[in-house]
Each structure stands twice: as C-alpha cells, then as structure tokens.
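Note sheet for the following structure.
The values are calculated or read from the model by the stated rules, or taken from the named source; none is laboratory data. All values reported here derive from a predicted model rather than from experimental measurement. Note that we place each Cβ from the backbone using ideal geometry, even for glycine, and neighbour counts take in every protein chain shown. For the accessible areas, the whole protein counts, side chains as well, though only heavy atoms, and no ligand, DNA or RNA atoms are used. Shrake-Rupley method; radii C 1.70, N 1.55, O 1.52, S 1.80 Å.
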Amino acid sequence: MKLVVTERASNWLQQRGIARGSQVAVWAEKQGNQVRINYQAKQPDQAVATVSQGGVDFYVEFAEEWFFSGKQVTIDYRGDDRLAYEIAAEPVPNVDTTKQQPTPAPADASTAASRKYEEYWE
C-alpha cells in the first residue's frame, strides 16, 4: 500500500482548519458500487501506513487496510473546493535480477528446519 498526498492537498486542508502537526486519518467507505475516500483529523490507533506532507501526517489504520492493500492512493486538490483521489495498483519496485540471490540453508529432512538453527533445539 502506498499513500501519496500532494502539497496542494495539504495546503488546502490547512486553509480549512487542519493545523500543522495534526494527524489525519484516511479511510474508504463503500457506497453501492463506488468507494468514497474520507479524512478526519484524529490520533492514530494502529496506523499501518503514514506519509507526511506540509507538516501534516496522513495515515491509514489497520482496520482500513482491506481497501488500501496493493493500491496507491493519491490525494490531491484540483481547485473545485474538494479533494480529488486517484486509486491505482501499487507500483512494483524494480528488482535487480542480475544480483545472485543467497542460497537457502539446506533443510533437515526429519524436521524440515534449517540446519543452521538445529543447535537451538538441543
């Protein structure tokens, strides 16, 4: 999950009363076949994603991960006196496949455990 908040969105919220240093919860609500993104200034309980912009911390709670998982949600302000949201699949990071991956430790056939950790069991 990736949460992106533009500087324009943060500035607009501050003009509407969200103070610098505030923490703003972001969550989704299903309304029929559509999803609406909401926000509210409040303290986090179990934040799983946080992003800071313009002195304001935006976060997603654990309970809201159902919607945000695997997505990039961009929050922007485009001048029509409300925030705009863009929801897309989360970009996959570039992986350097030219580097050799480490070889896993051989497994013990009797316990399926890595031989590296057998000494802890005795």
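Quick notes on this structure:
- Filter result for ALA47 (touching a residue at least 60 places away in the same chain (Cβ under 8 Å) and over 19 Å from ALA89 (Cα atoms)): no
- Whichever residue in segment 62-77 is in contact with a strand residue (DSSP E or B) (Cβ under 6 Å, 6 or more places away or on another chain) and without any contact (Cβ under 8 Å) to a residue 60 or more places away in the chain and, among such residues, is most open to solvent (accessible area, probe 1.4 Å): PHE62
- In segment 16-61, residue surrounded by the fewest Cβ atoms within 10 Å (Cβ to Cβ) [restricted to those that are of a type in the set (A, V, I, L, M) and assigned to a loop (DSSP other than H, G, I, E, B)]: ALA19
- Of all residues in segment 48-73, those satisfying the criterion of being of a type in the set (A, V, I, L, M, F, W, C) and over 9 Å from the mean Cα position of the chain (by Cα) are VAL56, PHE58, PHE62, ALA63, TRP66, PHE67.
- Of the residues GLU118, GLU65, the single one that is in contact with an Asp or Glu (Cβ under 8 Å, 6 or more places away or on another chain), assigned to a helix (DSSP H, G or I) and either at pLDDT below 90 or not polar (S, T, N, Q) (or both) is GLU118.
- Yes/no for GLN100 being of a type outside the set (Asp, Glu), open to solvent by 80 Å² or more (accessible area, probe 1.4 Å), in a loop (DSSP other than H, G, I, E, B) and at pLDDT below 85: yes
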